[in-house]
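What follows draws every value from the coordinates through simple rules; no lab data is involved. Because the structure is predicted, anything quoted here is derived from the model rather than measured. Cβ atoms come from the backbone with ideal geometry, glycine included; neighbour counts cover every protein chain shown.
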């Protein structure tokens, strides 16, 4: 009988050796006043997925923060009072650090750039590493040069990552692309019934008067050409009164509904009832509402100057020049007159979301960052 080779014995021993499960790690999210409300549809699937990855989560946030975007329990929340603006008072900061230390927190995560300063101070007091999520091109000024406790900056898009790198906010190896992950529909939800009156939803801060004037003028053109549709403008801002008056002047007020800014947690249900989504004004931050509209199965129209790399003209969205009534009208007519193509655009966007913005991909990427930072410190 042939003797088993030493190599085969080693392979057999390796197969029989049990693999130790990963150890539980303790992470605290540090949120600003609107961090959870703004990013809730991304944070909720992330929190649920991290719990499955043996990440014990605590959230430090202002007492007034809207927590509806979090799964609670099992996420523990530590509310705190006002800590100041540019300089934080030592007493309240140390008290908050003491609560985090009692929970044996090993890593801090600033949920956006606005929470970065507080996170740095807490990391110094706790002697732990920290990471920062960045959704905003303005973070290059807001963050400045970061200290050695920084483990990673999680850029939400390629333009945000490129901006952070070009301004040398941190070492290149610490600036990671981690795309926001969202739950998504399986099929397009727009134009499901020929008898349904199409609903156009325009969302954003109503501070950019020319951008939303173009929306109203385009809608008036559609109505003038016989399209029976409705317009919903979601948002608030200093131009709201002017826009309401303009809708009266254009004689479309009976078909236009102004809706106050909605919590992010409610937007997917709003978008699923829409047939077209319009993002009229480019901002400096990644357009989370447009991503949610794509995930809801709705065709998206957006401006062509955004840090949102998921808005790809002809593939995931139709892009137009901000404030261009002509271009916006042409794009809207294209979707309303060819509903099969509108659904095809929404389907392509859903496929893109599934490939590049799935909750599972986000959870895996963030878990690697967390464990890598904690293992390095250990």
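In this rough spin-label picture, where each label sits 7 Å from Cα along the Cβ direction, the residue 338-residue 261 distance is 3.7 nm. Highest mean packing first, where packing is the average number of other Cβ atoms within 10 Å per residue, the peptides 222-229, 119-126, 163-170 line up as 119-126, 163-170, 222-229. Across the chain, C-alpha contacts under 8 Å between residues 6 or more apart give a mean separation that, scaled by the residue count, equals a relative contact order of 16 percent.
On the basis of the beta-carbon distance and an R0 of 22 Å, residue 269 and residue 304 show a calculated FRET efficiency of 0.20.
Computed from the Kirkwood radius of its Cα pairs, the Stokes-Einstein diffusion coefficient for region 324-378 at 10 °C and 1.306 mPa s stands at 110 µm²/s.
Mean sequence separation of contacting Cα pairs (under 8 Å, at least six apart), scaled by the length of region 199-356, corresponds to a relative contact order of 24 percent. Mean-square fluctuations from a GNM of the chain, with a 10 angstrom spring cutoff on Cα atoms, peak among 180, 280, 79 at 79. Calculated mean residue ellipticity, 222 nm, the chain: -13000 deg cm²/dmol, from DSSP H runs (n ≥ 4) at -39500 (n - 2.57) each, averaged per residue and rounded to 500. Can you give me the pair-distance distribution of region 208-262, C-alpha pairs, 10 Å bins, whole percents? All Cα pairs considered, the percentages come to 24, 60, 15, 0. Inter-label distance, residue 94 to residue 368: 4.1 nm, where each label sits 7 Å from its Cα along the C-beta direction.
Principal axis extents of the C-alpha atoms in region 242-303 (largest first, rounded to whole Å): 35, 27, 21. In region 171-282, the C-alpha radius of gyration followed by the widest Cα-Cα span (Dmax) gives 16.6, 57 angstrom. Each distinct pair of alpha carbons in the chain adds a 1/r term; the inverse of their mean, the Kirkwood radius, is 22.6 Å. Taking only the alpha carbons of region 199-356, we obtain Rg and Dmax values of 14.3, 45 Å in that order. Taking label points 7 Å from Cα along the Cα-to-Cβ direction, residue 236 and residue 64 give a separation of 1.2 nm.
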